[in-house]
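What follows is a set of notes on a single structure, which appears directly below.
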């Protein structure tokens with residue numbers, strides 16, 4: 001009898017984030033690889049929706065969520081509290097041979113194997129970058145989730161090491177399954193990108209780019225300081241484009257941009273639809289991503305897939321993703337970032353070399369490989 | 001006096017709260033849970049306030065242990081002072097009427113022997129539990145009073161104890177040799193700990209501690225949990241820290257504990273310009289959380305009984321680097337659950353730490369092995385079962 005696999009697609013209920021992106025790509029390829037398995041996509045209720053149609057790839061899957069009469073946040077919390085046997089996900093979904101919890105925390109279940117995907121442990125290493133409620137939630141339930149899991153998927157070798165080092169998970173219980181960039185992220189010539197770039201008022205090959213949520217962990221204040229240093233030593237106008245949803249704790253960043261002598265050259269574009277990102281990446285002189293910490297780092301991977309030179313941090317998982325296809329910098333040092341900006345902007349052959357390396361490097365990461373490795377984990381766990 | 005759950009009086013003359021005193025608390029708590037009527041006598045001094053409060057929280061009857069006064073830094077034991085103390089304890093035992101007295105001894109002992117004399121006078125059976133038998137047992141030198149006869153007194157009361165207990169084979173050998181005691185009258189009962197407490201730390205507190213000690217992901221935390229005294233080898237630790245940090249400046253040594261050597265050690269640390277790499281954390285209650293944020297547990301001790309700190313580190317799945325002494329060798333399996341080095345060998349201690357600093361996999365494997373070992377051999381139930389057998393032999397044989 002084919003196994004019954006239930007996958008938590010809850011993050012897809014919100015605005016598409018990196019984790020939602022992971023689930024969407026993974027789910028569609030899994031069903032393609034093993035159509036004979038019984039797949040069940042479900043969401044732990046965070047909204048009051050009774051039925052949700054979720055677009056995954058080109059398919060539409062109905063996820064049936066039994067209606068709750070409690071507030072959505074309360075029901076979500078109840079699921080995560082250890083209330084077995086009083087409350088378990090099987091009460092609402094029926095039994096499955098395996099449940100894949102795709103977003104750090106697993107909920108109560110009576111039977112079936114349990115797999116948890118861990119994306120990063122920034123809430124633990126950098127608690128100051130997270131709202132206190134999230135921090136307490138994770139610090140309370142995350143260790144329990146790790147202990148209860150039959151197997152853990154880490155999205156990078158660095159995340160695996162962090163789990164081993166800080167949460168003492170035996171290394172044999174963790175499999176690294178890296179993410180990938182969507183196959184729409186490819187190099188784009190000036191003509192193909194022109195329409196999109198014109199909409200945002202930027203010119204092909206003449207700007208520096210950051211893509212990601214605007215939040216403290218992305219180290220945008222230092223990026224700004226580095227940009228100032230760069231512009232002080234480089235007279236030509238090279239705008240700094242910041243693209244991404246507004247996160248949290250950003251007031252001081254916006255204040256600094258307001259006070260900046262290069263204010264007119266710093267462009268904040270807000271959230272960019274996925275379809276327009278390849279043009280933005282392809283048209284940039286360089287992609288700058290001086291994040292303090294990452295679990296994987298999708299934006300640099302997307303950038304190298306588009307043939308864009310990348311400047312990124314030498315810490316956490318980023319070197320693992322970009323390899324030698326990027327200039328690695330010390331994220332705490334603005335002058336290091338500025339010097340890398342200057343080098344890339346003034347050295348055409350360096351950009352060319354990084355572009356070639358990046359395109360080669362990007363081939364290592366593929367959603368099909370991600371899905372296959374995930375299936376291997378399912379098979380191994382089910383025995 | 002055949003009771004199914006005998007009344008037990010636990011007694012310690014220690015005036016500082018450390019591993020031995022935590023051991024007493026665990027004993028009192030576990031035997032109370034098993035239905036025994038438990039009483040505890042301990043000195044009413046500042047250093048024991050925390051322990052008294054912990055006992056009260058667990059509804060364990062605790063009373064102050066009378067101590068012979070110390071005058072002008074030297075023990076001045078007149079016959080009158082000693083007799084009064086024995087009499088006080090005699091009265092206390094007569095009132096409490098324990099079936100058995102369990103003396104928990106750390107070293108140097110102070111007045112426990114008065115309690116043993118009182119117990120002998122009343123015919124109450126007693127066991128003496130040595131948490132530490134040091135390499136050389138020296139009594140304070142004096143020509144005054146009864147104290148000059150102290151070695152003979154101790155030999156007398158120890159030999160008349162119903163059973164003697166040591167925490168390691170090495171300590172047993174030493175005790176037998178020094179006091180001329182037959183080895184067959186000494187039992188070895190390993191210390192134990194509550195493993196679950198160290199397996200499930202409060203991660204919110206761990207986050208706060210990481211912030212307090214400024215532990216960014218690139219820093220390696222090497223922790224020592226021990227009193228700051230000569231026994232625990234902190235002077236060697238500073239020498240090792242000098243060598244290790246010269247090639248690994250990201251390493252930070254965290255010293256949890258307090259003691260008489262603190263000022264001296266802080267001065268030496270400052271002179272060696274290691275204030276960024278050595279942190280004196282002071283006495284801490286949140287040991288499970290401190291161990292959870294640690295990468296390597298380090299104990300360069302000179303001598304030991306069977307240190308709780310090592311067992312705690314193993315229960316927290318931390319790799320241990322420690323001196324090859326006494327009970328440490330019985331807890332840690334060299335190369336499997338930790339690395340053991342001859343005490344005082346700075347070079348070897350440095351090599352052991354350096355080999356582990358970059359090797360997360362090896363550290364974690366040893367840490368997991370250590371946890372399994374502690375769960376199997378050093379759990380509370382095992383210790384309590386062994387002690388109950390000893391009590392039964394004393395009371396009913």
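The values are calculated or read from the model by the stated rules, or taken from the named source; none is laboratory data. This is a predicted model, so every value here is computed, not measured. Cβ sites come from the backbone with ideal geometry, for glycine too, and all protein chains shown count toward neighbours.
From (1) within 14 Å of chain A (Cβ to nearest Cβ); (2) surrounded by fewer than 24 Cβ atoms within 10 Å (Cβ to Cβ), pick out the condition that doesn't hold for residue B:319.
It is condition (2) that residue B:319 fails.
Here are B:68, B:8, B:75: which of them is at pLDDT 85 or above and either in contact with a helix residue (DSSP H, G or I) (Cβ under 8 Å, 6 or more places away or on another chain) or surrounded by 20 or more Cβ atoms within 10 Å (Cβ to Cβ) (or both)? Before you say what the answer is, go through the steps one by one.
Working: B:68 fails: at pLDDT 85 or above; B:75 fails: at pLDDT 85 or above.
Testing whether each residue is at pLDDT 85 or above and either in contact with a helix residue (DSSP H, G or I) (Cβ under 8 Å, 6 or more places away or on another chain) or surrounded by 20 or more Cβ atoms within 10 Å (Cβ to Cβ) (or both) leaves just B:8.
Considering only segment B:174-201, state which residues are within 29 Å of residue B:245 (Cα to Cα) and more than 9 Å from every other protein chain (Cβ to nearest Cβ). Spell out the reasoning first.
The initial filter retains those residues of segment B:174-201 that are within 29 Å of residue B:245 (Cα to Cα), namely B:198, B:201.
Scanning segment B:174-201 gives a single hit, B:198.
Residues to consider are B:385, B:332, B:320; find the one that is free of Cβ contacts under 8 Å to residues at least 60 places away in the same chain and assigned by TED's automatic domain parsing to the domain that holds residue B:125. Give the steps one after another, and end with the answer.
Details: B:332 fails: assigned by TED's automatic domain parsing to the domain that holds residue B:125; B:320 fails: assigned by TED's automatic domain parsing to the domain that holds residue B:125.
The conditions single out B:385.
Within the set of pairs 6+ apart or on separate chains, which have a first residue in segment B:14-32 that is at negative phi, a second that is surrounded by fewer than 22 Cβ atoms within 10 Å (Cβ to Cβ) and not in a helix (DSSP H, G or I), and C-beta atoms under 6 Å apart?
Matching pairs, first to second residue: B:15/B:43; B:15/B:45; B:18/B:227; B:28/B:60; B:29/B:58; B:32/B:60.
Do you know which of the residues in segment B:216-236 that are touching a residue at least 40 places away in the same chain (Cβ under 8 Å) and closer than 15 Å to residue B:276 by Cα is farthest from the chain's Cα centre (by Cα)?
Filtering first and then ranking leaves B:220.
Considering only segment A:13-24, I want to know if a residue exists there that is surrounded by fewer than 16 Cβ atoms within 10 Å (Cβ to Cβ), modelled with pLDDT of 80 or more and in the same structural domain as residue A:138 (by TED's automatic domain parsing).
The answer is no; no qualifying residue exists.
Name the residue, out of A:155, A:89, that is modelled with pLDDT of 85 or more and crowded, with 22+ Cβ neighbours inside 10 Å.
On the way: A:89 fails: modelled with pLDDT of 85 or more.
Among A:155, A:89, only A:155 is modelled with pLDDT of 85 or more and crowded, with 22+ Cβ neighbours inside 10 Å.
Output the residue which, of all residues in segment B:356-380 that are under 26 Å from the mean Cα position of the chain (by Cα) and in contact (Cβ under 8 Å) with a residue 60 or more places away in the chain, is farthest from the other protein chains (Cβ to nearest Cβ).
B:380
Which number in (1) in contact (Cβ under 8 Å) with a residue 24 or more places away in the chain; (2) more than 16 Å from residue B:222 (Cα to Cα) marks the one condition that residue B:338 misses?
Condition (2) is where residue B:338 drops out.
Considering (1) assigned by TED's automatic domain parsing to the domain that holds residue A:304; (2) within 22 Å of residue A:321 (Cα to Cα); (3) crowded, with 18+ Cβ neighbours inside 10 Å, say which one residue A:274 fails and leave the rest.
(3)
Can you report the number of residues in segment B:217-249 which are farther than 16 Å from residue B:298 by Cβ and either surrounded by 23 or more Cβ atoms within 10 Å (Cβ to Cβ) or in contact with a helix residue (DSSP H, G or I) (Cβ under 8 Å, 6 or more places away or on another chain) (or both)?
The qualifying residues number 2.
Name the residue, out of A:223, A:137, A:146, A:197, that is farther than 18 Å from residue A:315 by Cα and either more than 14 Å from chain B (Cβ to nearest Cβ) or more than 24 Å from the chain's Cα centre (by Cα) (or both). Even if it seems obvious, please write down each step before you answer.
Values: A:223 fails: farther than 18 Å from residue A:315 by Cα; A:137 fails: either more than 14 Å from chain B (Cβ to nearest Cβ) or more than 24 Å from the chain's Cα centre (by Cα) (or both); A:146 fails: either more than 14 Å from chain B (Cβ to nearest Cβ) or more than 24 Å from the chain's Cα centre (by Cα) (or both).
Matching residue, one of A:223, A:137, A:146, A:197: A:197.
Could you give me the residue pairs with C-beta distances under 6 Å whose first residue belongs to segment B:47-71 and is farther than 16 Å from residue B:10 by Cα and assigned by TED's automatic domain parsing to the domain that holds residue B:114, whose second residue is in a helix (DSSP H, G or I) and at pLDDT below 90 wherever it lies, and which are 6+ apart or on separate chains?
B:68/B:81; B:68/B:85
Which one is farthest from the other protein chains (Cβ to nearest Cβ), of the residues in segment A:158-175 that are under 15 Å from residue A:296 (Cβ atoms) and more than 15 Å from the chain's Cα centre (by Cα)? Talk me through it step by step, then tell me what you get.
Initial filter on segment A:158-175 (under 15 Å from residue A:296 (Cβ atoms)): A:158-163, A:174-175.
Still in the list and also more than 15 Å from the chain's Cα centre (by Cα): A:160-163, A:174-175.
Values: A:160: 10, A:161: 6, A:162: 8, A:163: 10, A:174: 11, A:175: 15 Å.
Among those that are under 15 Å from residue A:296 (Cβ atoms) and more than 15 Å from the chain's Cα centre (by Cα), it is A:175.
Given the residues A:372, A:332, A:276, which is the only one that is within 14 Å of chain B (Cβ to nearest Cβ) and farther than 19 Å from residue A:159 by Cβ? Working first, answer last.
Working: A:372 fails: within 14 Å of chain B (Cβ to nearest Cβ); A:276 fails: within 14 Å of chain B (Cβ to nearest Cβ).
From the options A:372, A:332, A:276, the qualifying one is A:332.
Residues to consider are B:204, B:239, B:266; find the one that is assigned to a helix (DSSP H, G or I) and within 14 Å of chain A (Cβ to nearest Cβ).
It is B:204.
Being in contact with a helix residue (DSSP H, G or I) (Cβ under 9 Å, 6 or more places away or on another chain), at pLDDT 95 or above, more than 14 Å from every other protein chain (Cβ to nearest Cβ) and closer than 30 Å to residue B:194 by Cα is true for just one of B:255, B:261. Which residue is that? Can you show your working first?
Working: B:261 fails: at pLDDT 95 or above.
That would be B:255, the only listed residue that is in contact with a helix residue (DSSP H, G or I) (Cβ under 9 Å, 6 or more places away or on another chain), at pLDDT 95 or above, more than 14 Å from every other protein chain (Cβ to nearest Cβ) and closer than 30 Å to residue B:194 by Cα.
Residues being closer than 27 Å to residue A:115 by Cα, without any contact (Cβ under 8 Å) to a residue 24 or more places away in the chain and either in contact with a strand residue (DSSP E or B) (Cβ under 8 Å, 6 or more places away or on another chain) or assigned to a helix (DSSP H, G or I) (or both): count how many of those fall in segment A:344-383.
Number of matching residues: 1.
Can residue B:391 be described as more than 14 Å from every other protein chain (Cβ to nearest Cβ) and over 30 Å from residue B:174 (Cα atoms)? First the steps, then the outcome.
Working: more than 14 Å from every other protein chain (Cβ to nearest Cβ): yes; over 30 Å from residue B:174 (Cα atoms): no.
No; evaluated as a whole, the condition is false for this residue.
Only one residue in B:82, B:86, B:128 is touching a strand residue (DSSP E or B) at 6+ places or on another chain (Cβ under 6 Å) and outside any loop (DSSP other than H, G, I, E, B), so which one is that? Step through it out loud before you land on a result.
Values: B:82 fails: touching a strand residue (DSSP E or B) at 6+ places or on another chain (Cβ under 6 Å); B:86 fails: touching a strand residue (DSSP E or B) at 6+ places or on another chain (Cβ under 6 Å).
Going through B:82, B:86, B:128 in turn, just one is touching a strand residue (DSSP E or B) at 6+ places or on another chain (Cβ under 6 Å) and outside any loop (DSSP other than H, G, I, E, B): B:128.
What are the residues in segment B:207-221 that are farther than 20 Å from residue B:358 by Cα and either out of contact with any strand residue (DSSP E or B) (no Cβ under 7 Å at 6 or more places or on another chain) or within 9 Å of another protein chain (Cβ to nearest Cβ) (or both), if any?
Start the filter on segment B:207-221 by keeping residues that are farther than 20 Å from residue B:358 by Cα, which leaves B:207-209, B:211-213.
Scanning segment B:207-221 gives B:207, B:208, B:209, B:211, B:212.
Report whether or not residue B:285 is out of contact with any helix residue (DSSP H, G or I) (no Cβ under 7 Å at 6 or more places or on another chain), surrounded by fewer than 18 Cβ atoms within 10 Å (Cβ to Cβ), over 24 Å from residue B:250 (Cα atoms) and more than 14 Å from every other protein chain (Cβ to nearest Cβ).
Values: out of contact with any helix residue (DSSP H, G or I) (no Cβ under 7 Å at 6 or more places or on another chain): yes; surrounded by fewer than 18 Cβ atoms within 10 Å (Cβ to Cβ): yes; over 24 Å from residue B:250 (Cα atoms): yes; more than 14 Å from every other protein chain (Cβ to nearest Cβ): yes.
Spelling it out, residue B:285 is indeed out of contact with any helix residue (DSSP H, G or I) (no Cβ under 7 Å at 6 or more places or on another chain), surrounded by fewer than 18 Cβ atoms within 10 Å (Cβ to Cβ), over 24 Å from residue B:250 (Cα atoms) and more than 14 Å from every other protein chain (Cβ to nearest Cβ).
For segment A:120-134, name all the residues that are facing another protein chain (nearest Cβ under 8 Å) and surrounded by 16 or more Cβ atoms within 10 Å (Cβ to Cβ). Explain how you work it out, then say what you get.
So in segment A:120-134, the residues facing another protein chain (nearest Cβ under 8 Å) come out as A:124-125, A:127-128.
Result: A:124, A:125, A:127.
Identify the single condition in (1) surrounded by 24 or more Cβ atoms within 10 Å (Cβ to Cβ); (2) more than 23 Å from residue A:266 (Cβ to Cβ); (3) within 14 Å of another protein chain (Cβ to nearest Cβ) that residue A:319 does not satisfy, given that it satisfies every other one.
The one condition residue A:319 does not meet is (1).
Is it true that residue A:183 is surrounded by fewer than 16 Cβ atoms within 10 Å (Cβ to Cβ), within 18 Å of the chain's Cα centre (by Cα) and more than 14 Å from chain B (Cβ to nearest Cβ)? Show your work before the answer.
Values: surrounded by fewer than 16 Cβ atoms within 10 Å (Cβ to Cβ): yes; within 18 Å of the chain's Cα centre (by Cα): yes; more than 14 Å from chain B (Cβ to nearest Cβ): yes.
The answer is yes for residue A:183.
Among the candidates B:162, B:191, single out the residue that is farther than 30 Å from residue B:357 by Cα and touching a residue at least 12 places away in the same chain (Cβ under 8 Å). Break it down stepwise before answering.
Values: B:191 fails: farther than 30 Å from residue B:357 by Cα.
When all the criteria are applied, what remains is B:162.
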